[in-house]
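What follows is a short report on a single structure.
The numbers here are math on the coordinates, done by the rules we state, and not lab data. Note that this is a predicted model, so its numbers are computed, not measured. Cβ placement follows ideal geometry from the backbone for every residue including glycine, while neighbour counts extend to all protein chains displayed.
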Amino acid sequence: MTDSKAVAEAIIDNVAKVIVGKRHELALAVAALLAQGHILIEDVPGVGKTTLAKSIAKSLGCTFNRLQFTPDLLPSDVTGTTIFSQKTGEFEFRPGPIMAQIVLVDEINRASPKSQSALLECMEERQITVDGATHKMPLPFWVMATQNPIEYEGTFPLPEAQLDRFLMRLSLGYPSTNDEILVMERQQRVHPFEELEQVVVVADLLRVHQAVKEIYVDSLVKEYIVALVDGTRRHSAVQLGASPRGSLALFRTGQAWALLQGRDYVLPDDIKAVTQPILAHRLIINPALRMKGASGSTVVDEILASTPVPGVKARPRS
């Protein structure tokens, strides 16, 4: 457990050299990485979304591709295509930029729904199908998508099925005054990213993936997870609550968060720490109440406050 926690902390510490003053957000992103779930970062331009993805990829020594979504993007521009080779006389698959270990999908809501849907199979099944042939994604495979929450002109809002594929929705936010000054000082001569080194090998990350699955989750914690998700389905402001995929996301991310805390068992506090970024984007709020200020975040806060927190037993002795 200590070794697994050290791997996670090494990634966070390394990326923190570039992304200043956002350690909690970095910990959430790394928890999603350890839980093998994709993340959606909804924030204004210039706060370090692209740098975050590149820094994590460099820390792991993973292959990295950046996909800029635009209205004229085609599904084949994402997945790749099959072309005829005159040399071999056969059709050959030319992989698209999605075939990388870490993929940044920039401004995902700029592309048409047809191109957005090209990501669905990649994200959920870890494979793509082109001209009837299935190609497995590399391991690890992690998608980090971004979108601008301010400018909606010429965009295509992500459908619920697409949003549900993202384990978390995060926001980095603006840095504090002192942190913004520190950012300028660090970039005076060279960007810190240029001096960033690999601190973890892919084999270690894959090993931690398995360690996360071994974290003990008590039956009372499982009941607490289901109670939180069921609360989203019963809330008066919610038109459509979280699906069982939301329960599974809380379960797995709770395990990853417990590992980050150095424990081999999950506490209710671990679940509470990750509930907001996991559930808020999965809820469809009643339009009339949304006009009055209701949002996924406020609903989740109310559910967390009203759902009884159970006691929990430590892992039973073997």
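Worth pointing out:
- In range of the label at T298: residues from region 214-250 whose backbone nitrogen is under 16 Å from the point 7 Å along Cα→Cβ: 235-239
- Cut-off 15 Å between beta-carbons: net charge of the residues surrounding L40, Lys and Arg +1, Asp and Glu -1: -2
- Here the chain is assigned +1 on the Cβ of each Lys and Arg and -1 on the Cβ of each Asp and Glu. Its dipole about the Cα centre then comes out at about 620 debye.
- Global geometry of region 1-190, whether rounded, prolate or oblate, following the gyration tensor of its Cα atoms and the 1.5 cut on a/c: prolate
- With a cut-off of 15 Å between beta carbons, the residues surrounding Q239 carry a summed charge of +3, where Lys and Arg count +1 and Asp and Glu -1.
- Ordered by the number of other Cβ atoms lying within 10 Å of each residue's own Cβ, fewest first, F84, F166 fall into the sequence F84, F166.
- Take the chain and mark each of the GluC sites (Glu not before Pro) that is in a DSSP loop with at most 15 other Cβ atoms within 10 Å; the longest unmarked stretch, sites excluded, is 1-150.
- Reported value for region 214-310: 81 Å³ per residue, from the convex hull of its C-alpha atoms.
- Counting only Cβ charges, +1 for Lys and Arg and -1 for Asp and Glu, the dipole size of region 84-197 around its Cα centre is about 300 debye.
- Euclidean distance of C-alpha centroids, region 241-303 and region 79-127, integer Å: 30 Å
- Between F93 and R186, the simple label model (points 7 Å from Cα in the Cβ direction) yields a spacing of 3.9 nm.
- With at most 14 other Cβ atoms within 10 Å, longest stretch of the chain clear of loop trypsin sites (Lys or Arg not before Pro) (DSSP): 190-291
- From phi via Karplus (6.51, -1.76, 1.60), per-residue ³J(HN,Hα) for region 16-27 in Hz, x at Gly/Pro: 5, 5, 9, 8, 8, x, 10, 5, 5, 5, 5, 5
- What the Cβ-Cβ distance of S219 and A305 gives, at R0 = 41 Å and to the nearest 0.05, is a FRET efficiency of 0.95.
- Cβ crowding within 10 Å ranks Y265, Y174, Y224 as Y174, Y265, Y224, fewest other Cβ atoms first.
- Efficiency of FRET from Cβ geometry, H135 and S176, R₀ 45 Å, rounded to 0.05: 0.50
- Residues listed by number, region 177-201, amide nitrogen under 18 Å from H24 label point at 7 Å toward C-beta: 177-180
- Shape of the chain, Cα gyration tensor, a/c cut at 1.5: rounded
- Flagged links, alpha-carbon separation over 26 Å, of K49/K292; K114/K213; K5/K222; K54/K87; K58/K272; K54/K136: K49/K292; K114/K213; K54/K87; K58/K272
- Order of S112, S176 under a 10 Å beta carbon neighbour criterion, fewest first: S176, S112
- Residue-span extension gain [I284 to E160] - 0.36 nm each, minus C-alpha spacing: 43.8 nm
- Taking every C-alpha pair closer than 8 Å and separated by at least 6 residues, the mean separation divided by the residue count of region 6-122 gives a relative contact order of 24 percent.
- Take the Cα of A16, step 7 Å toward its Cβ, do the same at V201, and the gap between the two points is 2.6 nm.
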